[in-house]
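Worksheet: the structure to be examined is printed underneath.
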Amino acid sequence: MDTDFHVFDTTLRDGAQREGVSYSVADKLAVARLLDEIGVGFIEGGWPGALPKDTEFFARARTELKLRHAQLVAFGATRKAGVRVEDDPQVRALLDAETPVVCLVAKSDVRHVREALRTTLEENLAMVADTVAFFVAHGRRVFLDCEHFFDGRRADPDYGVRVLDTAFAAGAEVGVMCDTNGGMLPMGVGRVVADVRSRVGGKLGIHCQDDTGCAVANSLAAVEAGVTHVQGTANGYGERAGNADTFALIGNLVTKMGLPVVPGECLPELQRVSHAIAELANIAPDEHQPFVGASAFAHKAGLHASAIKVCPELYNHLDPAVVGNDMRILVTEMAGRASVELKGRELGVDLDGHADVIGRVVDQVKVLEAGGWSFEAADASFELLLRAQLPDAPPPLFELESYRTSVEHSRTGGVVSEATVKVHVDGERIISTAEGNGPVNALDNALRQALVGRHPQLADVALADYKVRILGWKGGTSATTRVLVDTTDGVGEWTTVGVHDNIVEASWHALVDALTYAVRHR
């Protein structure tokens, strides 16, 4: 690991400013532990003194947080204008957090100094010098975030450099150039960093917001131009459009730029940690997120699959396992023979010597998808379709005679659904009736009740999620409906699909696949 290069994560401070995110103290401790597992060097925990939750976090972190790779950082502002640093309560709260590193924020745009702080340029420099020197004298490592650095250059190209020089002279270890409004592009960042690099002597850092969609690219351009301290947030969380994504930064710095910025054993943890932090933030993981998204190495086009069959590297920019991810083949109407063969291998279905099966499945998928079916998110249904074409395909679990559902709304305001299924299992006719909170739930209960005597494992099976999509309006209330059902047995989870003009019939197809898959695999 390159200890001279800093990966600095600010998920718990800047990332927490994302709309809709609100971490509890327990959440913040959990996120910090996860970030430590990917080997970042610094974790900014928040602003003690300004936010009671952050003050509590640092107090608990002293005894509850055992970090192996990272150092904890407290964030705060320089002393107020006209106030002695020793008398500033916010500075005292930063000191009381007892972190080994303090990150201070200072104005580096003359307009902000005059209009927001309402003080002089010289007083702002004195505020920087006094506060940095105060923390250095108390044994803290000090980083300085120069807020609005890039925008400030347009108003005065020299003042930001003066702020940096002042901080370094007072003992700051890092001076961070912040694209606070997120309006920069990579070529501009590179030029600015190269110029500043030639004019100052201390270690430079970069902090980029994503308002132009270039936060990661801007950060990498800054590294190319000479910065050795990069700030980001998990999954790019942050105010407005967000921040540079820590996972994309690490992935690119290590695999593309050859910089060992995290321990080698930590890189395969990227995908797992990304998803775990998304769960703590109560945000659905971005399936298309670079490096760690579920679709980051998913291939749909048949032409791609043909090449991947020969050599996976031909259509993957790196081995997905390097970052803890996996390659997926999506079977759709665009699929060719190679797509089906690779998907079968992924699902554990041996198709060697079954060229005729592959051809039939390709044709079948194209016909089904033309009618609204989609197997991209329903691996369990596709596996059953595939196995059904094999010479040794097992028989269906049952033969359906009929099913019926009803919904009753009583005078008391209660709503209950009832379903009756009539099926033939091994020559025996079985009639099963069950209730549910809706017709699909009632059907699921009735069908499992009919089958559980011969397949006891179905007793542990339950619906985990149910999604409906209307594919095409045909006038009135008529439309083709696609249903996705997520099913679990408490250990694993699988997804099946059903399509029909009638939503209950579409649901029936998905339910039958779900229970069939459970019997065949559990």
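The values are calculated or read from the model by the stated rules, or taken from the named source; none is laboratory data. This structure is a prediction, so every number in the text was calculated from the model and none was measured. No Cβ is skipped: glycine too gets one built from the backbone with ideal geometry, and neighbour counts run over all protein chains shown. Remember, those area values only see protein heavy atoms, side chains included, never the ligands or the DNA or RNA. Shrake-Rupley method; radii C 1.70, N 1.55, O 1.52, S 1.80 Å.
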*Of all residues in the stretch 58-73 being within 24 Å of the chain's Cα centre (by Cα) and open to solvent by less than 70 Å² (accessible area, probe 1.4 Å), which is farthest from residue 34 (Cα to Cα)?*
73
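Specify the residue that is surrounded by the most Cβ atoms within 10 Å (Cβ to Cβ); the eligible residues are those in the stretch 370-389 that are outside any helix (DSSP H, G or I) and at negative phi.
Restricting attention to the stretch 370-389, the residues satisfying the condition of being outside any helix (DSSP H, G or I) are 371-378, 389.
Add one more test, that the residue is at negative phi, and what stays is 371, 373-378, 389.
Details: 371: 11, 373: 24, 374: 21, 375: 24, 376: 16, 377: 16, 378: 26, 389: 17.
Selected residue: 378.
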*Test residue 480 against the stated conditions and say whether it is touching a His at 6+ places or on another chain (Cβ under 8 Å), in contact (Cβ under 8 Å) with a residue 40 or more places away in the chain and either over 27 Å from residue 358 (Cβ atoms) or of a type in the set (Ser, Thr, Tyr) (or both).*
yes
*Of the residues that sit in the stretch 390-421 and are open to solvent by less than 40 Å² (accessible area, probe 1.4 Å) and in a strand (DSSP E or B), which one is farthest from residue 354 (Cα to Cα)?*
417
*asked:* Let me spell it out: the conditions are (1) touching a residue at least 60 places away in the same chain (Cβ under 8 Å); (2) over 28 Å from the mean Cα position of the chain (by Cα), and residue 145 meets all of them except one. Which number is the exception?
replied: (2)
*Which condition breaks for residue 136 when tested against (1) within 16 Å of residue 205 (Cα to Cα); (2) of a type in the set (Val, Ile, Thr); (3) part of a helix (DSSP H, G or I)?*
(1)
*asked:* So for the stretch 37-59 (the condition being in a helix (DSSP H, G or I), in contact with a Cys (Cβ under 9 Å, 6 or more places away or on another chain), under 21 Å from residue 280 (Cβ atoms) and not small (Gly, Ala, Ser)), does at least one residue qualify?
replied: yes
*Conditions: (1) surrounded by fewer than 24 Cβ atoms within 10 Å (Cβ to Cβ); (2) closer than 19 Å to residue 176 by Cβ; (3) out of contact with any Pro (no Cβ under 6 Å at 6 or more places or on another chain). Residue 45 meets all but one. Number of the miss?*
(1)
*Name the residue, out of 331, 357, 361, that is in contact with a helix residue (DSSP H, G or I) (Cβ under 6 Å, 6 or more places away or on another chain), modelled with pLDDT of 60 or more and at negative phi.*
361
*Give just the number: which of (1) touching a residue at least 24 places away in the same chain (Cβ under 8 Å); (2) open to solvent by less than 70 Å² (accessible area, probe 1.4 Å); (3) farther than 24 Å from residue 179 by Cα; (4) not polar (S, T, N, Q) does residue 83 not satisfy?*
(1)
_Meets criteria (assigned to a helix (DSSP H, G or I) and either open to solvent by less than 10 Å² (accessible area, probe 1.4 Å) or within 26 Å of residue 213 (Cα to Cα) (or both)) for residue 162_ = no
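Which one of these is among the hydroxyl-bearing types (Ser, Thr, Tyr) and open to solvent by 60 Å² or more (accessible area, probe 1.4 Å): 99, 131, 55?
Answer to the selection: 55.
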_Matching residues in the stretch 234-286 - criterion: being part of a loop (DSSP other than H, G, I, E, B), closer than 18 Å to residue 224 by Cβ and open to solvent by 10 Å² or more (accessible area, probe 1.4 Å)_ = 256, 257, 258, 259, 260
*For the stretch 248-264, indicate whether the set of residues that are farther than 24 Å from residue 153 by Cβ and of a type in the set (Ser, Thr, Tyr) is non-empty.*
yes
*Output yes when any residue across the stretch 216-227 is under 15 Å from the mean Cα position of the chain (by Cα) and open to solvent by less than 30 Å² (accessible area, probe 1.4 Å), and no when none is.*
no
